[in-house]
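Chemist: My questions all concern the structure below.
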Amino acid sequence: MAFLSRNPQLNQHGELQHLLTIEGLNAGMLRHILDTAESFVSVSEREVKKIPLLRGKSIFNLFFEPSTRTRTTFEIAAKRLSADVINLNINASSQSKGETVLDTVDNLAAMQADMFIVRHAQSGAAHFIAGHVSPHIHVVNAGDGRHAHPTQGLLDMYTIRHFKQEFHNLRVAIVGDVLHSRVARSQIHALTTLGVPEVRVIAPKTLLPAQVERLGVQVYHDMAQGLKDVDVVIMLRLQNERMRGALLPSAQEYFKSYGLTQDKLALAKPDAIVMHPGPMNRGVEIDSDVADGTQSVILPQVTFGIAVRMAVMSILAGSKQ
Amino acid sequence: MQLPDAEKLAQAMTQQIEPLLGENSVLVGMHTGGVWLAEKIHALLGREIPLGTLDVSFYRDDFSQSGLHAEVAPSDIPFDVTGRDIILVDDVLYTGRSVRAAMNELFDYGRPASIILAVLVDRGGRELPIAAQVTGAVLELAPDQNIQLNRDPQGQLALSLRQTTV
């Protein structure tokens, strides 16, 4: 059953053709992306913040779900690589007129697309499109349902490496709504692949997927225990709509138990860094004092995100057909 | 084939470069061999002169054929390029395509006053109108011969020759 063992992200030469999920990529590949991103960071500090690598390529931002930060950083990254970028806000266009996803993709491919950046509320959407497009087109998953958000996971790894140098001696805590979070899943796969010995998730039982420990994480329901002596604290966004269901009593109560305050952060190592994929709910999962505090690296995450996305796009575009 | 001594060539190059230096001069080495050579020349010159490094991977003209090189190092130009007299240093000058890429990259940092090219070995085979102003040695090599610079743990430079399949 050879087709089962084939990783749909890799071409026949074993090179990255699409980036759909971090799961299944080895440490060498992840490190190669991070190393390449390092070279792109210096590009963003120059007078001319552009390199000619993807000149003449057309990159389509296919966002079936709204996003500001991810779409913008992909757009900036593509433009710094000299590609032409076309943003499609599909909520407002074809889909509402009844066109299927594959028809939309076929139409854009007929416009000589070279790469699709896909954000969709359904898990597996980017994978579905990657299986459909012709071999010269590359697909980057920019977030699919609860499944994966690989470039976010990678930029988080870049940020951790930037501030902590290595992975093999770290204790990392991911706090909050892991159940609905594609970001958390990508982070967990990346952290364990890169050799972080202790990855913790801290959340109420109602916000954890069943058997989450099988991903190689330790489960905590109490912030005071979970944050003890960690090097990195990653806060997850609590989506407001979760509050309406039966999962949580109220935002105030959630903040009391799982919101990150200076007092709780003091339990982590003194040089611990605080990360958040954004957008933040101040006063729900994170206190403003922490978000704007000296241990916060939330804005560097955004800056590094551009370099990481430049690295991903140029590695994909450079893979053999 | 008897290869020249890279250390001696570097010394000879340093003597050629010395009279060319002005107050705006800077050295820029091209990854990887050119960086080693630039560091060596920098040490031999023994004076305060800014030193930068370039990795031209993002400016190569063969990206659409061969993709991104496996190991890309960050370029590091720790000075303002505008108005500088740049001495661009590489180990081997062959087709001239890397030098073209390096010049394009330098101009994205600013507008240099001038660029001169200093190479350890000119092996002929140019495909672009590019010439070196400072040359360590000129060697006649067949297309299937690959000459490269190596650096041992003590920092000694040496040339080596390899047969390749073209």
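Just so you know, all these numbers are worked out from the coordinates, no wet-lab data involved. Because the structure is a prediction, the values reported are computed rather than measured. Please note: Cβ atoms are built from the backbone with ideal geometry, for glycine as well, and neighbour counts cover all protein chains shown.
Every residue, every condition in (1) more than 27 Å from B:Ala43 (Cβ to Cβ); (2) under 15 Å from the mean Cα position of the chain (by Cα), yes or no:
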| site | (1), (2) |
| --- | --- |
| B:Glu127 | yes, no |
| B:Ala142 | yes, no |
| B:Gln145 | yes, no |
| B:Gln156 | no, no |
| B:Leu159 | no, yes |
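Chemist: Would you pick out the residues in region A:292-303 that are over 16 Å from A:Lys50 (Cα atoms), in contact (Cβ under 8 Å) with a residue 12 or more places away in the chain and in a helix (DSSP H, G or I)? Give the steps one after another, and end with the answer.
Modeler: Filtering region A:292-303 for residues over 16 Å from A:Lys50 (Cα atoms) gives A:292-302.
Filter again for in contact (Cβ under 8 Å) with a residue 12 or more places away in the chain, leaving A:293, A:295-298, A:300-302.
A:Ile298, A:Pro300, A:Gln301, A:Val302 - these are the residues of region A:292-303 that are over 16 Å from A:Lys50 (Cα atoms), in contact (Cβ under 8 Å) with a residue 12 or more places away in the chain and in a helix (DSSP H, G or I).
Chemist: Go through A:Gln187, A:Gln211 for me and flag whichever is touching a helix residue (DSSP H, G or I) at 6+ places or on another chain (Cβ under 6 Å) and either among the polar types (S, T, N, Q) or under 25 Å from A:Arg161 (Cβ atoms) (or both).
Modeler: Details: A:Gln211 fails: touching a helix residue (DSSP H, G or I) at 6+ places or on another chain (Cβ under 6 Å).
Exactly one of A:Gln187, A:Gln211 is touching a helix residue (DSSP H, G or I) at 6+ places or on another chain (Cβ under 6 Å) and either among the polar types (S, T, N, Q) or under 25 Å from A:Arg161 (Cβ atoms) (or both), namely A:Gln187.
Chemist: Considering region A:42-77 alone, what residues qualify as being within 14 Å of chain B (Cβ to nearest Cβ), out of contact with any Lys or Arg (no Cβ under 7 Å at 6 or more places or on another chain) and outside any loop (DSSP other than H, G, I, E, B)?
Modeler: A:Ser42
Chemist: If you don't mind, another one. Given the options A:Leu236, A:Leu194, name the one that is out of contact with any Gly (no Cβ under 8 Å at 6 or more places or on another chain) and in contact (Cβ under 8 Å) with a residue 60 or more places away in the chain.
Modeler: On the way: A:Leu236 fails: out of contact with any Gly (no Cβ under 8 Å at 6 or more places or on another chain).
Criteria check complete, one pass: A:Leu194.
Chemist: If you don't mind, another one. So which of A:Phe255, A:Phe304 is within 14 Å of chain B (Cβ to nearest Cβ) and among the aromatic types (Phe, Trp, Tyr)?
Modeler: Values: A:Phe255 fails: within 14 Å of chain B (Cβ to nearest Cβ).
None of the other options fit; the residue is A:Phe304.
Chemist: Now, a different point. Scan region A:210-242 residue by residue and report those that are assigned to a helix (DSSP H, G or I) and surrounded by fewer than 15 Cβ atoms within 10 Å (Cβ to Cβ). Step through it out loud before you land on a result.
Modeler: Narrowing region A:210-242 to residues assigned to a helix (DSSP H, G or I): A:212-215, A:223-226, A:240-242.
Passing the criteria: A:Glu213, A:Arg214, A:Ala224, A:Gln225, A:Asn240, A:Glu241.
Chemist: Has region B:43-60 got any residue that is crowded, with 22+ Cβ neighbours inside 10 Å, within 8 Å of chain A (Cβ to nearest Cβ) and not aromatic (Phe, Trp, Tyr)?
Modeler: Yes, there is a match, as at least one residue in region B:43-60 is crowded, with 22+ Cβ neighbours inside 10 Å, within 8 Å of chain A (Cβ to nearest Cβ) and not aromatic (Phe, Trp, Tyr).
Chemist: Also: All but one of (1) more than 14 Å from chain A (Cβ to nearest Cβ); (2) touching a residue at least 60 places away in the same chain (Cβ under 8 Å) hold for B:Arg84; which doesn't?
Modeler: (1)
Chemist: Scan region A:140-160 residue by residue and report those that are within 8 Å of the chain's Cα centre (by Cα) and under 11 Å from A:Gln187 (Cα atoms). Don't jump to the end; show me each part of the working.
Modeler: First, pick out the residues of region A:140-160 that are within 8 Å of the chain's Cα centre (by Cα): A:142-143, A:148-156.
Matches in region A:140-160: A:Ala148, A:His149, A:Pro150, A:Thr151, A:Gln152, A:Gly153, A:Leu154, A:Leu155, A:Asp156.
Chemist: Testing A:His32 on (1) away from chain B (no Cβ under 11 Å); (2) under 30 Å from B:Phe107 (Cβ atoms); (3) in a helix (DSSP H, G or I), one condition comes back false. Which one is that?
Modeler: Only one criterion is unmet by A:His32, namely (1).
Chemist: Just to be sure I understand, how many residues within region B:64-76 are within 8 Å of chain A (Cβ to nearest Cβ) and under 16 Å from B:His31 (Cβ atoms)?
Modeler: Number satisfying all stated conditions: 8.
Chemist: Could you say which residue among B:Gln154, B:Gln65, B:Gln148 is polar (S, T, N, Q) and assigned to a helix (DSSP H, G or I)? Before you say what the answer is, go through the steps one by one.
Modeler: Numbers: B:Gln154 fails: assigned to a helix (DSSP H, G or I); B:Gln148 fails: assigned to a helix (DSSP H, G or I).
Step by step, each of B:Gln154, B:Gln65, B:Gln148 is checked, and only B:Gln65 is polar (S, T, N, Q) and assigned to a helix (DSSP H, G or I).
Chemist: Listed residues B:Leu139, B:Leu159; which is of a type outside the set (Asp, Glu), more than 9 Å from chain A (Cβ to nearest Cβ) and in contact with a helix residue (DSSP H, G or I) (Cβ under 7 Å, 6 or more places away or on another chain)? So that I can check it myself, show each step before the final result.
Modeler: Working: B:Leu139 fails: in contact with a helix residue (DSSP H, G or I) (Cβ under 7 Å, 6 or more places away or on another chain).
From the options B:Leu139, B:Leu159, the qualifying one is B:Leu159.
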